[in-house]
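Q: Let me give you the structure first, and then I'll get to my questions.
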Amino acid sequence: MVEVERLYKYSSFEELYKYFDKIAMGYDENDIANPKDMEKYYSKEEQNKYGGVAIKIKVVKN
């Protein structure tokens, strides 16, 4: 089970990517982190409308 520790809201994924380590965002060490990768999941129109959100979670025990 996990617990949400914090939500980080940004106007765009470009802005979000400036503040987070690529490993924390799910990339491997050898990957190149690119905000355009989010277009696989969210259309450009959705990104412009809603911006980007990072969710910090922690594992909790039952």
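Q: What net charge is computed for the residues neighbouring K56, neighbours being all others with C-beta under 14 Å from the C-beta of K56, Lys and Arg scored +1, Asp and Glu -1?
A: Numbers: positive: R6, K9, K58; negative: E3, E5, D21.
With Lys, Arg at +1 and Asp, Glu at -1, the neighbours total 0.
Q: Could you go through the range 6-16 in sequence order and give the Karplus-derived ³J(HN,Hα) for each residue, using 6.51 cos²θ - 1.76 cosθ + 1.60 with θ = phi - 60°, rounded to whole Hz, and x for Gly and Pro?
A: After applying 6.51 cos²θ - 1.76 cosθ + 1.60, I find 6, 10, 10, 9, 10, 6, 7, 5, 4, 5, 4 Hz.
Q: Moving on to the next point. Per residue of the chain, what 222 nm ellipticity follows from adding -39500 (n - 2.57) for every DSSP H run with n ≥ 4, rounded to the nearest 500?
A: Details: 2 runs with 14 residues, N = 62.
Rounded to the nearest 500, the figure is -5500 deg cm²/dmol.
Q: In Å and from the alpha-carbon atoms only, list the Rg and Dmax of the chain.
A: Gyration radius and largest Cα-Cα distance of the chain: 12.9, 40 Å.
A short reminder: the numbers here are calculations on the coordinates, not readings from a lab. All values reported here derive from a predicted model rather than from experimental measurement. As a convention, Cβ positions derive from the backbone with ideal geometry for all residues, glycine included, and neighbour counts pool all protein chains shown.
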